[in-house]
1. Using θ = phi - 60° and the Karplus form 6.51 cos²θ - 1.76 cosθ + 1.60, what ³J(HN,Hα) does each residue of the stretch 119-127 get, whole Hz, x for Gly and Pro?
2. Between I51, I43, I84, find the one with the highest GNM mean-square fluctuation for the chain; connect C-alpha pairs within less than 10 Å.
3. Below 15 Å, Cα to Cα, which aspartates and glutamates can K74 reach? Residues fewer than 8 away in the same chain don't count.
4. Stretched out fully, how many nm does the piece from K33 to L106 gain, at 0.36 nm a residue minus the Cα gap?
5. Between their Cα atoms, which of K11/K49; K55/K112; K11/K41; K41/K112 are more than 18 Å away from each other?
6. Along each principal axis of its Cα atoms, how long is the chain end to end? Whole angstroms, biggest number first, please.
7. If you consider only alpha-carbon coordinates, what radius of gyration and Dmax does the stretch 62-139 have, in Å?
8. Relative contact order of the chain, please, whole-number percent, based on alpha carbon pairs below 8 angstrom and at least 6 residues apart.
Amino acid sequence: MQPKKTLMKDKIVRFGVSLEKELLDIFDNQIKKQKYPTRSKAIADLMRKEIVQHKWRTGKQVAGAIVFIYNHHKRNIVDRIIDIQHDFSNIVVSTQHVHLSHDECLEIVVVKGKPENVEELANSIRTTKGVEHCTVAFTSTGKL
Ligand code: NI
């Protein structure tokens, strides 16, 4: 059986791009500050980011993390957070709980599944009374 090709292991090609000098100067200046080793890596990362975002928007499988903070003294909040995650057990891979301070907890829920389900879970968490901040970071599931 032929092994599946991934973009990471594919052969390297060179191609020409025409664009405004000013745009390239700004870009080069920025990637230098970001400590990119080469312009090629910076452009490849941009392309991957765009592909992943498109994938997210078009509903393929994605992986990601929902990160949120809450005050665990709020009435029933811990039970509600656990209930919600059980409702989405088909996409929850793992949960990490960090006691940030005496009052505040930070939780990272690693998810893998359809983007609309991940959004639905994130919204359920975000709108829970006592959750103070909730963000979603997402990536591809490895295959572009
Ligand atoms: Ni805690």
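1. 4, 5, 5, 4, 5, 4, 5, 4, 8
2. Sorting by GNM fluctuation, first place goes to I43.
3. Candidates past the 8-residue exclusion: D103, E104, E132.
4. Values: separation 73, 0.36 × 73 = 26.28 nm, distance 3.04 nm.
Once the chain is fully extended between K33 and L106, it gains 23.2 nm.
5. Details: K11/K49 20 Å; K55/K112 13 Å; K11/K41 14 Å; K41/K112 26 Å.
Those over the limit are K11/K49; K41/K112.
6. The principal-axis extents, from largest down, are 60, 44, 22 Å.
7. According to the Cα coordinates of the stretch 62-139, Rg and Dmax are 11.6, 35 Å.
8. Numbers: 171 pairs, mean separation 44.5, N = 144.
So the answer I get is 31 percent.
We did not get these values from a lab; they are worked out from the coordinates using the rules stated. Because the structure is a prediction, the values reported are computed rather than measured. So basically every Cβ, Gly included, is an ideal-geometry build from the backbone, and we count neighbours across all protein chains shown.
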